[in-house]
Amino acid sequence: MPGRRLNIPAPEAMILFVDIAPPPLWEHLLLERPWPLVVALLVGAILIRYVARQRRQPVMGHVALGLAIAAGGVLALAWTVTTDRQLLERHTRQLVAATESPGDFSVIDRLLAPDAVLTGPDGDVWMNLSAIRNQLEQAIDRYTIDDQIIRDIGAEVTGDNRARSAFDLRTYSGAQAGLPTRSTWTLHWRRGDDGEWRITRVQWDSFMDRPPSRSLW
């Protein structure tokens, strides 16, 4: 199945990307983006109801009522059910927001697994959890991270209790006079016995449209 490609323009025609598989179509239409289906059902109900009144056919009126009820059911289902993909994207946004100054380490500690590591784009381990936390504290204090904007995001479940999310980030800090730092990341997730998703690997994919080096962290 072709994945969703997260493209970031780069110099010298180099393209950095992460392939994220799209969700099943039924899941996307019913649970994640129900509005097109809801609108179509309501429009169909209105048109059939109009025809039923013109032709004085009560059976068609019942069909229109059924479509309206179905639209309400789809909306209620989407409202009450959160897919793993939606949950992973929400957690990813929470993690990014937690790294803005002054930093919310209660969120960071909740989302990172005890064995979490930081790796480069090729998967080489650069830091363990304690080093990640220490360096993050220093970076937040040193650079005063004012805002983090996610330009694109995607998530997928890759196997039994395994998943990943990827995002394209713009970071604004007091040390850069309004110019953003561009970076892309992939978070690798594991669902524990308690049912909670936690990050086991933070993969740094690019920095300013180029592969990052360990010295940058």
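Assign one of three labels to the range 95-217, namely rounded, prolate or oblate, based on the Cα gyration tensor with a ≥ b ≥ c the square roots of its eigenvalues; rounded applies when a/c is under 1.5, prolate when it is not and a/b is larger than b/c, and oblate otherwise. Since a/c reaches 1.5 and a/b is larger than b/c, the shape of the range 95-217 is classed as prolate. The slack between Arg55 and Ser130, meaning 0.36 nm per residue of separation minus the straight C-alpha distance, is 19.7 nm. The residues of the range 139-217 expose, per residue, 51 Å² of accessible area to a 1.4 Å probe. GNM on the chain, alpha-carbon springs under 10 angstrom: the most fluctuating residue among His28, His62, His91 is His62.
The accessible surface of the chain, taken with every protein chain in place and a 1.4 Å probe, is 58 percent carbon and sulfur. By the gyration tensor of its Cα atoms, with a ≥ b ≥ c the square roots of the eigenvalues, what is the shape of the range 110-155: rounded for a/c under 1.5, prolate for a/b over b/c, or oblate? In terms of gyration-tensor shape, oblate.
Sorting Arg162, Arg151 by accessible area puts them as Arg151, Arg162; the probe is 1.4 Å, largest comes first, and only protein heavy atoms count.
Can you tell me the FRET efficiency between Gln86 and Asp146 if r is taken as the Cβ-Cβ distance and R0 is 25 Å, rounded to the nearest 0.05?
The formula returns an efficiency of 0.35 here.
Model label points for His28 and Arg93, set 7 angstrom from Cα along the Cα-to-Cβ axis, are 1.9 nm apart. Here the peptides 63-70, 79-86, 190-197 are ranked by packing, the mean other Cβ count within 10 Å, and the order with the highest first is 63-70, 79-86, 190-197.
Length gained on full extension, Trp79 to Val107, computed as 0.36 nm times the residue gap minus the Cα-Cα distance: 7.6 nm.
The values are calculated or read from the model by the stated rules, or taken from the named source; none is laboratory data. Just so it is clear, the structure is predicted and the values come from calculations on it, not from any experiment. Ideal geometry is used to build each Cβ from the backbone, glycine not excepted, and the neighbour counts take in all protein chains shown. The protein model used for the area step is the full one, side chains on, heavy atoms only, and it has no ligands, DNA or RNA in it. Shrake-Rupley method; radii C 1.70, N 1.55, O 1.52, S 1.80 Å.
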